[in-house]
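This report refers to the structure that appears directly beneath it.
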Amino acid sequence: MNGAETDTLTNSLFNRVYEKFEGKCFYCGGHGSELEHVVPYSAGGKKEFSNLVLSCLRCNRVAWGWHFSSLEEKKRYILIYRFVGRNEGRKFRENVGAIRGSKI
Ligand SMILES: [Zn+2]
């Protein structure tokens with residue numbers, strides 16, 4: 001697959017995910033501009049429709065690389081981290097036993 005074909009695939013995937021979430025970040029409801037892996041890429045998650053949600057830049061950065069047992073748990077973590085505080089987010093992360101995708 002050459003670069004142009006990869007870009008086309010990414011664009012059509014992005015459009016499908018964008019439509020599914022109506023342009024809104026799955027986590028905070030803000031403007032969604034990025035694809036976010038439900039199961040992180042580093043943990044073997046694939047770049048395919050069923051493993052992607054639409055995310056804003058900020059939520060994507062907070063979620064980066066962390067693996068939770070459920071998407072709802074991940075959503076709670078991101079919202080706590082962003083809107084309550086980083087320390088609270090870290091505590092939540094420890095309590096639910098989230099792991100770094102790259103360490104799996
Ligand atoms: Zn967001």
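The values are calculated or read from the model by the stated rules, or taken from the named source; none is laboratory data. Here the structure is a predicted model, which means the values were calculated and not measured. For neighbour counting, all protein chains shown are included, and Cβ atoms are generated from backbone atoms with ideal geometry for every residue, glycine included.
Numbers at a glance
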| item | result |
| --- | --- |
| Listing of helices (runs of 4 or more DSSP H) fully contained in the chain that carry 3 or more residues being within 13 Å of the ligand (Cβ to nearest atom) | 57-63, 71-83 |
| Pairs where the first residue, in segment 19-48, is basic (Lys, Arg) and the second is within 11 Å of the ligand (Cβ to nearest atom) and not in a helix (DSSP H, G or I), C-beta under 6 Å, 6+ apart | 24/32 |
| Subset of segment 29-85 (residues that are small (Gly, Ala, Ser), at pLDDT 95 or above and over 28 Å from residue 7 (Cβ atoms)) | 29, 85 |
| Close pairs (6 angstrom Cβ cut-off, 6 or more residues apart or separate chains): farther than 11 Å from residue 92 by Cα and free of Cβ contacts under 8 Å to residues at least 60 places away in the same chain in segment 58-80, charged (D, E, K, R) and away from the ligand (no atom under 13 Å from the Cβ) anywhere | 65/100 |
| Residues being within 22 Å of residue 100 (Cβ to Cβ), surrounded by 16 or more Cβ atoms within 10 Å (Cβ to Cβ) and of a type in the set (Gly, Ala, Ser) - total across segment 11-44 | 2 |
